[in-house]
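A short write-up of the structure that comes next.
The values are calculated or read from the model by the stated rules, or taken from the named source; none is laboratory data. Keep in mind the model is a prediction, meaning the values are calculated, not measured. Reconstructed Cβ throughout: ideal geometry from the backbone, glycine too, with neighbour counts over all protein chains shown.
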Amino acid sequence: MSAILIDGKLVSAKLRGEVTEKRIEFEKKYGRKPGLCVIRVGEDPASVVYVRNKLRACEEVGFASTCNILPESYTTEQVIAEVEKVNADPTVDGLLVQLPLPKHIDEARVVAAVAPEKDVDAFGKLDAGHLCLDEGNVLPCTPAGIMEMLKHYEIPVAGKECVVVGRSNIVGRPMAALLLAADGTVTIAHSRTPDLGAVTRRADILVSAVGRAGLITGDMVKPGAAVIDVGMNRNAEGKLCGDVDFDSVKEVAGYITPVPGGVGPMTVTMLICNTLYAAENAEK
Ligand code: GUN
């Protein structure tokens, strides 16, 4: 193996330590803990695991956390009513609605109902606008976590060729905006890109956020590139794996994130950072 492993657990542990110290200060100053509320609708197995991880992370850094589990049968209006209830609760600084929601629920309307000052996922229109205008505010957790990993490993972005594969609102688009804000030369590739390999081979920093196991193979990677794998897939044997074919890519890349243990822990850590930020703003 030639690539250096980017250890998301290590960078997470460092940041969570810093958040814990700031939480202690916050509690001394304001006599309460920062609070996160997670709303989960239904029993999607992946969401159950993700939400559990988020609540555990809150416990680890000493935040107050609550989880409102709503039945699958809830309508869009009922979920929005729950969001509005939490919006009005002064003990909650950060609110997130775990996605995906059941098919019959209008996800866009639910996301839009989250109060902007509590939107710790930064999925709402206000945060998306701030990000596009490079105005510094709460940042979407997965792309923000990736930027923190690049910083920790001293991987430069300015002037580098950055390729993001995938254009989702949660990862691809905000990732491209953050790399651009850091002065990268950014290309977004997606399902209509005719020759994906020709684009990815240009990348000094390659981020794949598609959700297809084995999409990125060693022959698609520039020697020495930093390869960031946002994929969370199951292979034929049911094992958790990313979009990147780890075995072939690690021989070519300069840096690589594993799945699990790469981007995943960082997403949760940035959520914690965003909750602290929201709590400090609420006290201003
Ligand atoms: N589903 C997959 N990733 C995320 C995330 O970062 N936040 C929320 N709310 N739902 C998700």
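Can you tell me which residues in segment 30-54 are surrounded by fewer than 17 Cβ atoms within 10 Å (Cβ to Cβ) and either under 17 Å from the mean Cα position of the chain (by Cα) or without any contact (Cβ under 8 Å) to a residue 60 or more places away in the chain (or both)? Spell out the reasoning first.
At the first step, the residues of segment 30-54 found to be surrounded by fewer than 17 Cβ atoms within 10 Å (Cβ to Cβ) are 30-32, 43, 45-46, 48-49, 52-53.
Within segment 30-54, G31, R32, E43, P45, A46, V48, V49, R52, N53 meet the criteria.
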Exercise for review: Please go through segment 16-46 and pick out each residue that is within 16 Å of the ligand (Cβ to nearest atom) and either modelled with pLDDT under 95 or out of contact with any strand residue (DSSP E or B) (no Cβ under 6 Å at 6 or more places or on another chain) (or both).
Suggested key: G42, E43, D44, P45, A46
Point to revise | Considering residues of segment 150-170 that are within 16 Å of the ligand (Cβ to nearest atom) and on the phi < 0 side of the Ramachandran plot only, the residue farthest from the chain's Cα centre (by Cα) | key: R167
Exercise for review: Would you be able to say whether some residue in segment 244-263 is within 23 Å of V11 (Cβ to Cβ) and of a type in the set (D, E)?
Suggested key: no
Revision key, fill the gap. A careful count of residues in segment 115-130 that are of a type in the set (A, V, I, L, M) and either surrounded by fewer than 24 Cβ atoms within 10 Å (Cβ to Cβ) or over 24 Å from P265 (Cβ atoms) (or both) gives 3
Review point. Quick one: is G159 surrounded by fewer than 16 Cβ atoms within 10 Å (Cβ to Cβ) and under 22 Å from G145 (Cβ atoms)?
Key: no
Review point. Across segment 75-100, what is the number of residues that are outside any loop (DSSP other than H, G, I, E, B), under 30 Å from E27 (Cβ atoms) and either hydroxyl-bearing (S, T, Y) or within 16 Å of the ligand (Cβ to nearest atom) (or both)?
Key: 8
Review point. Got a number for residues in segment 55-74 being away from the ligand (no atom under 16 Å from the Cβ) and touching a residue at least 40 places away in the same chain (Cβ under 8 Å)?
Key: 4
Review point. Among the residues of segment 210-220, is there at least one that is under 16 Å from the mean Cα position of the chain (by Cα) and surrounded by fewer than 17 Cβ atoms within 10 Å (Cβ to Cβ)?
Key: yes
**Study point:** Qualifying positions in segment 102-124 - away from the ligand (no atom under 11 Å from the Cβ), assigned to a helix (DSSP H, G or I) and under 13 Å from I39 (Cβ atoms)
**Key:** A113, K118
Check your understanding: Only one residue in A203, A182 is touching a strand residue (DSSP E or B) at 6+ places or on another chain (Cβ under 8 Å) and in contact (Cβ under 8 Å) with a residue 24 or more places away in the chain, so which one is that?
Key -> A203
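Can you confirm whether D127 is within 15 Å of the ligand (Cβ to nearest atom), among the acidic types (D, E) and over 17 Å from D44 (Cα atoms)?
yes
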